[in-house]
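All remarks here apply to the structure that follows.
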Amino acid sequence: MPPRKEHPAKGWAAALDRTSRVRTDIQQDSSENQQRLNRQTARAYGLKIRPGYDFSEPGKSASKPITRRELERGINAVVEEKAVEALLVSSVDRLSRRGMRHISEMLDAVDAVGGRIIFNKGNLDSSQPASQAIIAFLSEQAKDEASTLSWRIETWREGCRLKGKWTGRHPYGYLVVDGRLAPHPDEAPVVRRMVADFLERQPARQIAIALNEAGIPAPAAAKAAQIRAEGREPKQGMSTWWSTQAVARLLRNPVLVGWARHNGRIVLGPDGEPVSFGEGILTPGVHARVLAEMERRTAIVRQSPTKTREVGGRTGGGRPSRYLLVGTARCSGCAYAMSANSNNSSDWRGHYYECGAATGGRTCPASAYIQVEKADWEVMRQLRTRLAAMEPDDPAIGAMAERWRELTLPEGEGERAALQSRLDAVRGRIVDLEEARYVRGEFATADDIARWDGMMARLKTQRDVVLQELEELGPPPDFDLTTLRATYSSEVWDATPLPQRRKLLQVAVAKVLISSSNRRKLPAADRVRVVLVGEEGQEQPL
Ligand SMILES: [Zn+2]
């Protein structure tokens, strides 16, 4: 190899930082932090940052072939202008996410004039042969990440899940101590009491009333307190009262035995057994009794002509509801469910939704009332607009997929869940192993590499076996944003029978809030608000 050229601006450096607006880049450091890292690099390498040679790219994507003027200026400072010998960047993915080719072009140009690019992360200096292979690996990884970063975060979460590490906010009834669940001193006794009452055949509604009368804050209130403790403001409209649904949701949640649910499935370990996230409040046996009792009651409700209806099911009289929003619409004035009525006119104008507080023997401070057709139309309009603006990787899609599975119960899902968990686990281990060798340099000797090859081959065989089994199971029921949009498109919607519509609406819509027009002629758009699944205040990890 010919000796390296000496760059005329030896000892001088330029610094580049870049942040992306794209949400999948959430792991990125702030500009300030990157600038700090660059100054740290300069000190470590005995370089001085030349005044005026701080290049900053806020809100710039590095995965698209767009002009990046600041990056060009940085490279030119080394290559053309020769004002600095080095360009400092905090990590490879800050420089580019367009892969090895894009990065090599820059490295070659810089190298030709005796310059270099130095990355703080991994302490990589492009003039050092030892660093070059790692930069090559990382630049491909950064490219891959641009498309699969969310998958990688997911893998990390999955990794945590498989190790039984709780990464979210604490669920009701629990403390989270070092990633493990432990019964909460105040909330766990509340849960045990609820379970005892429920198993003694008390209706969920009665349990909710008793909790409210005892002044025990609902999970949503506990969550709001937690958000405030983190120094943020919780969303408005989070219910501080226990509802029948809140009680039922809590009782159904596998977290009661220390298990976690992910996309509607219980998280299983590689052995196919549920992963424990700590000390459960209930034993699996007791929880099984709770679920059996719940199933028994649901069956009764389904058979009984007088009991409360299930959403999407039949009304009290056993007739299918004739109204789309019954069970979904709530009065903003009092949070009570809206009921549908007609004033004996055969005309559509005679059908309306109204606040149900009065029927329930309560008074509402701002009773809502709206024509059925107007409300239904406005709900669909908002739903379509919201879905049209949604990105395919929006977290709400996961929540909607869960609802969709609950409502449609596709066959073979249990088996698929187990296989999918195993596949994710194996993929996580493959990534770990790659990083151990190429990033952390844990496999250095020839013996190590032979061992690494063996381990990698075994993992890939495992992965292929699982993929094969998944393939034999057939394609997964397709649920994605496109399907969802199509489901609610006016062509399909108009052709869908009402009972089916009522059911499908539950997939994407958590609730619809309707407020009073206050005796003014407020258009429906101003007083109907669709709350999508995944964005409702109290639904989050219970
Ligand atoms: Zn009301």
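The values are calculated or read from the model by the stated rules, or taken from the named source; none is laboratory data. What you see is a predicted model; the values in this text were computed from it and never measured. With ideal geometry, Cβ positions are generated from the backbone for all residues, glycine too; neighbour counts draw on all protein chains shown.
Here are a few things to note about the model shown:
- Residue selected from the range 41-59 under the condition in contact with a Gly (Cβ under 9 Å, 6 or more places away or on another chain) and not in a loop (DSSP other than H, G, I, E, B), by the criterion surrounded by the fewest Cβ atoms within 10 Å (Cβ to Cβ): K48
- Residues that are within 16 Å of the ligand (Cβ to nearest atom) and outside any loop (DSSP other than H, G, I, E, B) were ranked within the range 464-518; the one that is farthest from D424 (Cα to Cα) is I514.
- Filter result for A375 (within 24 Å of A335 (Cβ to Cβ), within 16 Å of the ligand (Cβ to nearest atom) and assigned to a helix (DSSP H, G or I)): yes
- Selected residue (criterion: farthest from the ligand (Cβ to nearest atom)) from residues of the range 360-372 that are of a type in the set (V, I, T) and surrounded by 15 or more Cβ atoms within 10 Å (Cβ to Cβ): V372
- Taken together, the residues in the range 340-363 that are modelled with pLDDT of 70 or more and in a helix (DSSP H, G or I) amount to 1.
- Which listed residue is exposed (fewer than 13 other Cβ atoms within 10 Å of the Cβ), within 18 Å of L124 (Cα to Cα), of a type outside the set (V, I, T) and at pLDDT below 90, from R21, R4: R4
- From A246, A210, residue being closer than 24 Å to R403 by Cα and surrounded by 15 or more Cβ atoms within 10 Å (Cβ to Cβ): A246
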